[in-house]
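Have a look at the structure below, then the notes.
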């Protein structure tokens with residue numbers, strides 16, 4: 001038992017030599033207004049409220065909770081005292097959901113989202129790991145549509161890749177309409193900590209791991225990546241249509257489930 | 001028996017006196033800056049735990065008024081899948097993505113005899129990592145950090161009749177352990193920040209030092225450079241150097257008094273912070 005644990009520790013440390021992952025050490029200074037994101041973290045009911053927005057009618061398909069995959073009998077056979085000689089993982093996981101995001105003036109946007117992750121990973125004990133071990137053969141994308149209640153022609157599309165961070169590429173995406181384009185990407189940002197009037201707290205700045213939204217080369221909004229202490233920052237003088245599209249995308253990024261098990 | 005007790009007492013006295021006479025190493029300051037700056041030894045107690053005032057030169061702070069030191073941790077979304085995690089999955093070892101967050105705020109007043117400024121500060125550190133459960137009573141769970149974001153923000157309000165604009169100070173650092181090439185690589189945590197008031201800007205950055213000086217003036221070389229001091233610059237000119245190891249502030253003599261007070265406030269705030277304190 002001790003030998004196995006020692007071997008595990010050695011393997012764990014050796015793995016650190018090949019340790020790779022996405023990182024964006026870009027640290028920028030912005031003056032966006034912070035808003036707390038309130039809401040339940042229950043997987044079936046995750047309605048949110050933040051700034052002037054609140055989500056409702058959140059629906060998830062049953063298929064989002066199923067994970068079809070190939071059962072590989074070799075995974076359990078090719079093991080010596082729990083140590084795998086060969087381990088292959090091949091599964092597909094999806095998250096399909098829709099919700100309504102309402103504003104204080106009772107107007108709303110309908111959002112439909114579909115995220116898909118296909119995992120193709122292989123681990124071989126006594127041979128050099130191939131590209132699949134580092135997640136290079138994984139497929140990870142998210143698509144969504146945002147439609148305004150009043151202006152059905154004004155439709156926004158969201159496309160994002162690698163949000164589950166299963167390979168070394170950047171976690172980024174785009175919000176596209178007929179005339180406008182907003183990009184978002186995971187990075188570290190210096191942002192205002194709180195928005196409490198007449199108190200010193202409003203002057204404090206903290207470093208946050210966020211999805212930063214860039215419009216015309218300038219950061220105009222951000223939303224927390226981590227589930228705990230969620231926050232949403234937005235530039236107040238931004239075009240209303242853009243604000244709505246960004247808020248809906250921020251809600252998608254907060255509501256979505258991590259598909260990598 | 002008596003001889004044995006005497007020897008033991010003598011040994012204890014020698015150990016205690018040796019411990020008391022430990023030298024506090026200082027960083028080597030370039031001769032040119034040394035001539036133009038004043039050396040202010042800093043009297044500061046503890047490493048961010050105490051409430052005792054900080055004193056250096058003509059600057060004195062009030063007692064440090066500390067708020068709650070919050071540290072929370074819970075399972076969270078996994079924002080980076082590392083090769084270690086892939087390996088652990090092959091071994092069927094259970095793991096959880098964790099985020100720990102620590103926050104500490106404090107405030108104090110600093111005075112230089114004529115001027116007074118009120119300082120409010122907030123420190124925040126967020127660490128993301130993986131907790132590996134090993135289901136054995138002989139082996140405890142392992143926690144490994146993946147990335148860290150640290151920020152230190154301070155607000156300096158001069159208390160004057162002519163209502164001066166306040167100074168805003170921000171310092172930040174971040175590190176991604178998943179980018180390390182090997183386990184023995186030194187964590188090259190880059191720390192930087194700025195102190196601003198309207199058009200006045202002071203850039204602060206960590207300086208790596210590989211030469212130290214003992215109080216007797218003997219230079220020692222370190223095998224590799226370590227981030228041991230802070231350098232403050234106004235338009236590419238060094239205006240102050242903070243040496244937390246030697247507990248010294250080197251302050252440029254020609255600096256105006258308002259700026260000196262702001263630099264002194266930042267020095268006091270940096271040396272009294274709790275989460276990431278580099279005091280030697």
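From the list A:238, A:242, the lone residue that is surrounded by fewer than 19 Cβ atoms within 10 Å (Cβ to Cβ), modelled with pLDDT of 90 or more and away from chain B (no Cβ under 13 Å) is A:238.
Among the residues of the stretch B:46-68, none qualifies, meaning not one is buried (at least 16 other Cβ atoms within 10 Å of the Cβ) and within 14 Å of another protein chain (Cβ to nearest Cβ).
Is it the case that the stretch B:74-88 has a residue that's surrounded by fewer than 18 Cβ atoms within 10 Å (Cβ to Cβ), over 24 Å from residue B:259 (Cα atoms) and more than 7 Å from every other protein chain (Cβ to nearest Cβ)?
Yes: one or more hits.
Quick check on residue A:165: is it within 10 Å of another protein chain (Cβ to nearest Cβ) and in contact with a helix residue (DSSP H, G or I) (Cβ under 6 Å, 6 or more places away or on another chain)? Here the answer is no, as residue A:165 does not meet what is asked. Residues satisfying the criterion are absent from the stretch A:79-89 (criterion: out of contact with any helix residue (DSSP H, G or I) (no Cβ under 6 Å at 6 or more places or on another chain), under 20 Å from residue A:258 (Cβ atoms), surrounded by 15 or more Cβ atoms within 10 Å (Cβ to Cβ) and modelled with pLDDT of 90 or more). Screening the stretch B:187-280 for strands (runs of 3 or more DSSP E) wholly inside it with 1 or more residues that are farther than 17 Å from residue B:33 by Cα and in contact with a strand residue (DSSP E or B) (Cβ under 7 Å, 6 or more places away or on another chain) returns the ranges B:190-197, B:200-213, B:219-234. Against the criterion of being surrounded by fewer than 21 Cβ atoms within 10 Å (Cβ to Cβ), closer than 20 Å to residue B:123 by Cβ and modelled with pLDDT under 90, residue B:192 qualifies.
Here residue A:214 does not fit the description of being touching a strand residue (DSSP E or B) at 6+ places or on another chain (Cβ under 7 Å) and free of Cβ contacts under 8 Å to residues at least 24 places away in the same chain.
In the set A:65, A:133, only one residue is farther than 30 Å from residue A:238 by Cα, within 14 Å of chain B (Cβ to nearest Cβ) and modelled with pLDDT of 85 or more; that residue is A:133. When the residues of the stretch B:127-165 are filtered to those that are assigned to a loop (DSSP other than H, G, I, E, B) and at the interface with chain A (Cβ under 8 Å from one of its Cβ atoms), the one that is farthest from residue B:108 (Cα to Cα) is B:136.
Residue count for the stretch B:204-254 under the criterion of being surrounded by fewer than 17 Cβ atoms within 10 Å (Cβ to Cβ), within 26 Å of residue B:115 (Cα to Cα), more than 20 Å from the chain's Cα centre (by Cα) and free of Cβ contacts under 8 Å to residues at least 60 places away in the same chain: the result is 2. Of A:122, A:118, all but one fail to be away from chain B (no Cβ under 13 Å), modelled with pLDDT of 85 or more and in contact with a strand residue (DSSP E or B) (Cβ under 8 Å, 6 or more places away or on another chain); the exception is A:118. Filtered by the rule that a residue be in contact with a helix residue (DSSP H, G or I) (Cβ under 7 Å, 6 or more places away or on another chain) and assigned to a strand (DSSP E or B), the stretch A:123-147 gives A:123, A:144, A:146. Determine whether the stretch B:166-174 contains at least one residue that is outside any loop (DSSP other than H, G, I, E, B), facing chain A (nearest Cβ under 7 Å), within 30 Å of residue B:63 (Cα to Cα) and in contact (Cβ under 8 Å) with a residue 40 or more places away in the chain. Within the stretch B:166-174, not a single residue is outside any loop (DSSP other than H, G, I, E, B), facing chain A (nearest Cβ under 7 Å), within 30 Å of residue B:63 (Cα to Cα) and in contact (Cβ under 8 Å) with a residue 40 or more places away in the chain. Within the stretch B:104-126, being part of a strand (DSSP E or B) and surrounded by fewer than 20 Cβ atoms within 10 Å (Cβ to Cβ) holds for B:107, B:109, B:111, B:116, B:118.
It is to be established whether one or more residues within the stretch A:187-208 are at pLDDT 85 or above, buried (at least 23 other Cβ atoms within 10 Å of the Cβ), more than 14 Å from chain B (Cβ to nearest Cβ) and outside any loop (DSSP other than H, G, I, E, B). Checking the stretch A:187-208: not a single residue is at pLDDT 85 or above, buried (at least 23 other Cβ atoms within 10 Å of the Cβ), more than 14 Å from chain B (Cβ to nearest Cβ) and outside any loop (DSSP other than H, G, I, E, B). Scanning the stretch A:37-48 for residues that are modelled with pLDDT of 70 or more, away from chain B (no Cβ under 14 Å) and either more than 18 Å from the chain's Cα centre (by Cα) or part of a loop (DSSP other than H, G, I, E, B) (or both) gives A:40, A:47. Residues that are assigned to a strand (DSSP E or B) and surrounded by fewer than 14 Cβ atoms within 10 Å (Cβ to Cβ) within the stretch A:158-180 comprise just one, A:159.
Here is a yes/no grid of residues against (1) assigned to a strand (DSSP E or B); (2) in contact with a strand residue (DSSP E or B) (Cβ under 6 Å, 6 or more places away or on another chain); (3) more than 24 Å from residue A:167 (Cβ to Cβ):
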residue: A:76; (1), (2), (3): no, no, yes
residue: A:94; (1), (2), (3): yes, yes, no
residue: A:106; (1), (2), (3): no, no, yes
residue: A:111; (1), (2), (3): yes, yes, yes
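Residue pairs whose Cβ atoms lie under 6 Å apart, separated by 6 or more positions or on different chains, with the first residue in the stretch A:140-161 and over 17 Å from residue A:113 (Cβ atoms) and the second in a loop (DSSP other than H, G, I, E, B), are A:149/A:107. Would you be able to say whether some residue in the stretch A:10-21 is farther than 30 Å from residue A:126 by Cβ, within 11 Å of chain B (Cβ to nearest Cβ) and modelled with pLDDT under 65? Within the stretch A:10-21 (the criterion being farther than 30 Å from residue A:126 by Cβ, within 11 Å of chain B (Cβ to nearest Cβ) and modelled with pLDDT under 65), the answer is no, since none of the residues qualifies.
The values are calculated or read from the model by the stated rules, or taken from the named source; none is laboratory data. Model, not experiment: these values are computed from the prediction. Note that each Cβ is placed from the backbone with ideal geometry, even for glycine, and that neighbours are counted across all protein chains shown.
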